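A short write-up of the structure that comes next.
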Amino acid sequence: MASVTGLTHKFTSLDISKSNEPVAKLPTKFAAPNVPRPKVTSKPTVPVGYSKLGSKASSSSLKTQGTSKLIYDSAKTEKSKPPNPAHKRSESVDIGSYDGGLDSDTHEHVSSEDAPDLALDSSTLSTPTRTWSLHDFDVGRPLGKGKYGRVYMVRTKAPPRYILALKTLYKAELVKDCNERQLRREIEIQMHLRHPNVLRLYGYFHDSQRVFLMLEFAGQGELYRQLLKQGRFTPRRSASYAYQVADALSYLHSKSCIHRDIKPENILIGLNGELKIADFGWSVHAPGDRRKTLCGTPDYLPPEMVLRKEHGKFVDHWALGVLTYEFLHGSPPFEDKNRQNSMRKIARVEFKFPNTFEEDAKDLIGKLLRFEPEERLPLTEVMVHPWIVKYRNKN
Ligand code: AMP
């Protein structure tokens with residue numbers, strides 16, 4: 001989420017019905033998003049469940065895990081069921097206190113006439129859902145701040161009271177950065193993506209000043225912050241994360257989507273500890289919110305981008321290699337205070353493995369960090385690589 005990313009795509013190929021992956025369907029074409037059937041035990045106060053990390057998402061339901069913890073995965077959804085007791089449980093979840101941030105009126109007014117690409121509501125694009133407005137939500141605590149506005153934890157007022165992350169983007173800021181069209185195009189793409197490790201976008205709407213994105217709530221926040229807090233991840237957790245990212249990328253590539261900006265800053269963690277690839281291009285973090293070196297860091301750039309050559313889906317394979325290295329080590333393989341040095345190292349694929357790395361982990365990373373894009377290990381092979389399998393079997 002640290003930079004405006006590219007996402008290459010072909011709309012025609014975004015046919016979710018052909019996917020082998022679990023597909024979360026909207027209950028009806030015009031309905032609200034997936035029902036995150038919450039189950040809260042005993043003291044229903046904490047909305048964020050801290051569960052065992054690193055396990056692959058397998059269920060869509062909100063499950064009880066320990067006291068007052070919610071598990072939510074969008075992979076599967078009960079379709080067309082009448083409102084169920086889930087809304088009662090959802091109501092009992094504390095979404096925190098609203099700080100009034102959405103009511104302040106400090107931004108320049110940009111109307112839909114000035115910027116027609118920002119005339120967004122869920123009924124205008126190819127997958128209509130119902131028309132939403134801010135009045136449909138109880139707004140809770142702020143979850144974070146991006147370049148274009150804040151993100152809030154919200155709950156739909158109508159049963160079954162879905163819990164979501166509502167992201168605001170100020171139109172004036174988008175217009176200033178000439179990002180209106182890109183936002184619109186990328187919303188259209190993300191609306192069609194359905195994978196347990198890809199953050200869902202359920203809908204969107206706008207008012208005179210802002211665009212609102214209704215996003216899946218990623219209860220454990222940012223992967224980047226977890227990495228910062230922990231320094232590095234255990235091999236088991238790293239292998240599980242590498243598997244999930246490979247799975248998500250494989251899905252995206254099957255939809256002719258290339259993420260091109262895979263890095264810890266662009267990955268969120270769901271309530272079940274599962275990774276959620278986010279940022280399909282519209283989210284830019286405020287400087288200072290991120291690691292200091294981030295601004296323009298080439299850490300995740302592949303040689304073909306550093307050398308300004310044409311690039312394709314294999315940029316994501318490279319990034320997965322860098323990511324796996326950073327999980328295990330706490331910093332990426334080509335990091336250098338000097339940007340030029342870093343770029344030089346990348347172009348020469350010049351990096352060392354710490355002694356602590358297991359041989360099979362080195363083998364996997366080495367097979368992803370190849371100069372020639374086509375030589376990088378296919379994602380399906382990443383998912384069955386001995387290092388990954390070893391840790392998956394230990395569960
Ligand atoms: P962004 O504008 O996407 O950079 O988001 C700003 C911050 O809000 C992020 O750094 C996250 O901490 C938080 N955030 C964004 N999206 C979500 C989400 N779907 N679930 C939970 N927190 C989020």
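With respect to being closer than 16 Å to residue 168 by Cα and aromatic (Phe, Trp, Tyr), residue 243 falls outside the description. Of the residues 293, 324, 297, the single one that is modelled with pLDDT under 95, outside any loop (DSSP other than H, G, I, E, B) and away from the ligand (no atom under 16 Å from the Cβ) is 293. Only a single item in (1) more than 13 Å from the ligand (Cβ to nearest atom); (2) under 14 Å from the mean Cα position of the chain (by Cα); (3) at pLDDT 95 or above is not met by residue 267, and it is number (1).
Look through region 161-215, keep the residues that are of a type in the set (D, E, K, R) and in contact with a Phe, Trp or Tyr (Cβ under 8 Å, 6 or more places away or on another chain), and return whichever of them is nearest to the ligand (Cβ to nearest atom). In this case the residue turns out to be 167. Of the residues making up region 174-193, none is touching a residue at least 60 places away in the same chain (Cβ under 8 Å), farther than 21 Å from residue 269 by Cα and in contact with a strand residue (DSSP E or B) (Cβ under 6 Å, 6 or more places away or on another chain). Taken over region 132-160, residues that are near the ligand (Cβ under 10 Å from one of its atoms) and in a strand (DSSP E or B) amount to 9.
Kindly establish whether residue 231 is surrounded by fewer than 20 Cβ atoms within 10 Å (Cβ to Cβ) and touching a Gly at 6+ places or on another chain (Cβ under 7 Å). Judged against the criteria, residue 231 is a match.
Output the residues belonging to region 350-369 that are within 18 Å of residue 305 (Cα to Cα) and free of Cβ contacts under 8 Å to residues at least 40 places away in the same chain. Give the steps one after another, and end with the answer.
Looking only at region 350-369, we keep the residues that are within 18 Å of residue 305 (Cα to Cα), and these are 350-351, 368-369.
Result: 350, 351.
A quick yes/no check of all residues on (1) among the hydroxyl-bearing types (Ser, Thr, Tyr); (2) part of a loop (DSSP other than H, G, I, E, B); (3) within 16 Å of the chain's Cα centre (by Cα); (4) at pLDDT 95 or above:
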{"residue": "247", "(1), (2), (3), (4)": "no, no, yes, yes"}
{"residue": "312", "(1), (2), (3), (4)": "no, yes, no, no"}
{"residue": "332", "(1), (2), (3), (4)": "no, yes, no, yes"}
{"residue": "337", "(1), (2), (3), (4)": "no, yes, no, no"}
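The values are calculated or read from the model by the stated rules, or taken from the named source; none is laboratory data. In this text, all values refer to a predicted model and were calculated from it rather than measured experimentally. When we count neighbours, we look across all protein chains shown, and the Cβ atoms used for this are built from the backbone with ideal geometry, even at glycine.
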